[in-house]
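First the structure, in the form of structure tokens, and then the observations on it.
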Amino acid sequence: MTVFTVTGDVDPFLHVSMRRGDKIYCESNAMVMMEAALELKGRMNGGLGRALMRTLANGESFFQQHIEATSGDGDCLLSPTLPGAMQVLDVGERQYLISDGAFVAATGGVDLRVRTQNIGNALFGQTGGFFITESAGSGQLVVSGFGSMSQIEVEPGRDVTIDNAHVVAWDSSLRYELAVATRSSGGLLGSLVNSVTSGEGVVLRFSGKGKVLVCSRNRDAFVSWMMSHKSN
């Protein structure tokens, strides 16, 4: 059975221990090292249509890396695109929705599917546009966040509001909706202006029972910084 272990405190690796016949898949360019018993291939997971949908939904690469222990037991090291923490999630009785760029790897029994969002979340939520990725099947799923990562438990009657640039993944049983971080007597327009001037923009409000994984750093700000430095 495949075992995922996060190793290191700062910019950790994902250590993967595989038995003969085990299969995993991961985001493109995630593989750092693998032993000779393992075989690496690039594939469209689920065919052309589903690969294209995942690219639109979560910013994933069109082709994913598939690693299989073909000739014996073996280990490999993976790393996420963004610097920061990783979390191993058990998928089966509980499924998760995944924010843009948070997917790192999964065991072969886990499937990543795409579902549509309502128009408000699609236009402003920054969680995947009109489509968002949801896990299915059973096994383990690894996600990453920019900076440190923490888990927030949402309970009935105690809604939680989170800046969407800090959301990594959340329990699919939770209800979520678009909200503005600050309120104003001037209605929606006044609230939007107030949010911009306060430095807090659009947020996601979660309700129900389940958990949300959040990261300490603003993912969108980091991506913008990287793009500006590349252009220079």
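Some points to look at:
- Residues of the stretch 150-170 classified as under 12 Å from the mean Cα position of the chain (by Cα) and part of a strand (DSSP E or B), total: 4
- Some residue of the stretch 131-141 being closer than 22 Å to Arg217 by Cα, assigned to a strand (DSSP E or B), small (Gly, Ala, Ser) and modelled with pLDDT of 95 or more: no
- The stretch 67-90: number of residues that are closer than 22 Å to Arg20 by Cα and hydroxyl-bearing (Ser, Thr, Tyr): 2
- If the condition is being surrounded by fewer than 19 Cβ atoms within 10 Å (Cβ to Cβ) and under 19 Å from Gly210 (Cα atoms), then the stretch 67-94 contributes Val88, Asp90, Gly92, Glu93, Arg94.
The values are calculated or read from the model by the stated rules, or taken from the named source; none is laboratory data. Being a predicted model, the structure only gives us computed values, none of them experimental. Virtual Cβ from ideal backbone geometry, glycine too; neighbours counted across all protein chains shown.
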